[in-house]
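Notes for the one structure printed next.
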Amino acid sequence: MRAVLRTFGELSITLGLVMLMFCAYLLWGTSAYTERHQELLQRQFAQDAATVPGDGKLDSIELGRALALIRIPRLGAEYKYAIVEGIDSEHLRQGPGHYPGTALPGEIGNFVLSGHRTTYSAPFNRIGELQRGDEVIIDAREARYTYRVTSSKIVYPTQVDVIEPVPERPGKRPKEALLTLSTCHPEYSARQRLIVYGVLDGTQERRT
Amino acid sequence: MYGLIWRMLPGGTAVKLCGTLILIGVTAALLWYVVFPWAEPRIPLDRVTVGS
């Protein structure tokens, strides 16, 4: 009896330690992964931007490739991530992901990005702090697009119309270039989603 | 459980201590590099997309 109890106690302590270690992994181990891939993606993007012929504009982009860079001055001058094409877990582990099929940067329609909030460097951890009028800068190959935040809201994951060309108006023809950012809400939960909307405010062509 | 492992480790106290440290290291590395990366996508902690 005593031996059984002792083994049970030892196993419980071990399990507790493993769970603590798992939390540490989520917070730091996953970030190391993202940082490694961000370095590669940003280098890849710089090369692509330098070598793409013509005006640099693309009709589509390969899954898993760097699409553009995102900067949000409100979240710090160093805030910069390479946006990866795709929203499967393998893509989102590397950085904020662009929904394939939604508008490209600067295009009329809805440019939709998702990013992790608490793990994998948590690129969208603080997008809840964005206020109306804040800049979200998208550096694409051909131009720098400056979007301005218009509103934010919390929705359930089933509300898929936030990624429509005109958010929440399925079937409506878009007239503006819009931006939608999504991440999980509340932090460390899969219950809801935090959505931030923006609209294109300026385009600066890249002349080289 | 830990008593049994300690008794099964060969050598004197110093050698046993070394063996213990190696075992802890191997277990931790296995968890960190194999088990945790496998388990993480299966735990819905940080789902960020809508729809699926």
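The values are calculated or read from the model by the stated rules, or taken from the named source; none is laboratory data. Keep in mind the model is a prediction, meaning the values are calculated, not measured. For neighbour counting, all protein chains shown are included, and Cβ atoms are generated from backbone atoms with ideal geometry for every residue, glycine included.
For residues in the stretch A:183-196 being within 7 Å of another protein chain (Cβ to nearest Cβ) and under 13 Å from A:THR158 (Cα atoms), which is surrounded by the most Cβ atoms within 10 Å (Cβ to Cβ)? Out of the qualifying residues, it is A:CYS184.
What residue, among those in the stretch A:161-182 that are β-branched (Val, Ile, Thr) and more than 9 Å from every other protein chain (Cβ to nearest Cβ), is farthest from A:PRO100 (Cα to Cα)? For the stretch A:161-182, the residue satisfying everything is A:VAL166. Would you mention how many residues in the stretch A:103-114 are β-branched (Val, Ile, Thr) and either within 15 Å of the chain's Cα centre (by Cα) or not in a loop (DSSP other than H, G, I, E, B) (or both)? Qualifying residue count, the stretch A:103-114: 1. Of the set (1) assigned to a loop (DSSP other than H, G, I, E, B); (2) surrounded by 17 or more Cβ atoms within 10 Å (Cβ to Cβ); (3) modelled with pLDDT under 95, all apply to A:PHE124 but (3). Residues that are surrounded by 12 or more Cβ atoms within 10 Å (Cβ to Cβ), under 17 Å from A:LEU20 (Cβ atoms) and not aromatic (Phe, Trp, Tyr) within the stretch B:7-36 comprise B:THR27, B:ALA28, B:LEU31, B:VAL35, listed in sequence order.
Within the stretch A:149-160, restricting attention to residues that are β-branched (Val, Ile, Thr) and in a strand (DSSP E or B), the residue that is nearest to the other protein chains (Cβ to nearest Cβ) is A:VAL155.
Is at least one residue of the stretch A:104-114 of a type in the set (Ser, Thr, Tyr) and in contact (Cβ under 8 Å) with a residue 60 or more places away in the chain? Looking for residues that are of a type in the set (Ser, Thr, Tyr) and in contact (Cβ under 8 Å) with a residue 60 or more places away in the chain, one finds at least one in the stretch A:104-114, hence yes.
Among the residues of the stretch A:82-119, those that are farther than 13 Å from B:VAL48 by Cβ, out of contact with any helix residue (DSSP H, G or I) (no Cβ under 6 Å at 6 or more places or on another chain) and surrounded by 23 or more Cβ atoms within 10 Å (Cβ to Cβ) comprise A:ILE83, A:PRO105, A:PHE111. Within the set A:ARG126, A:ARG117, A:ARG144, A:ARG148, the sole residue that is of a type in the set (Lys, Arg) and over 17 Å from the mean Cα position of the chain (by Cα) turns out to be A:ARG144. Taking the numbered list (1) part of a helix (DSSP H, G or I); (2) aromatic (Phe, Trp, Tyr); (3) closer than 21 Å to A:THR118 by Cβ in turn, A:PHE8 passes all entries but (3).
Given the structure, is A:ILE83 within 14 Å of A:PRO123 (Cβ to Cβ), within 14 Å of chain B (Cβ to nearest Cβ) and at pLDDT below 95? For A:ILE83, the condition - within 14 Å of A:PRO123 (Cβ to Cβ), within 14 Å of chain B (Cβ to nearest Cβ) and at pLDDT below 95 - is not met.
Looking only at residues in the stretch A:1-49 that are more than 15 Å from A:PRO123 (Cβ to Cβ) and hydroxyl-bearing (Ser, Thr, Tyr), which one is surrounded by the most Cβ atoms within 10 Å (Cβ to Cβ)? Across the stretch A:1-49, the extreme among qualifying residues is A:TYR25. Would you pick out the residues in the stretch B:1-27 that are hydrophobic (A, V, I, L, M, F, W, C) and at the interface with another protein chain (Cβ under 7 Å from one of its Cβ atoms)? Passing the criteria: only B:MET1. In the set (1) assigned to a loop (DSSP other than H, G, I, E, B); (2) under 19 Å from A:GLN44 (Cα atoms); (3) out of contact with any helix residue (DSSP H, G or I) (no Cβ under 9 Å at 6 or more places or on another chain), the condition left unmet by A:ILE138 is number (1).
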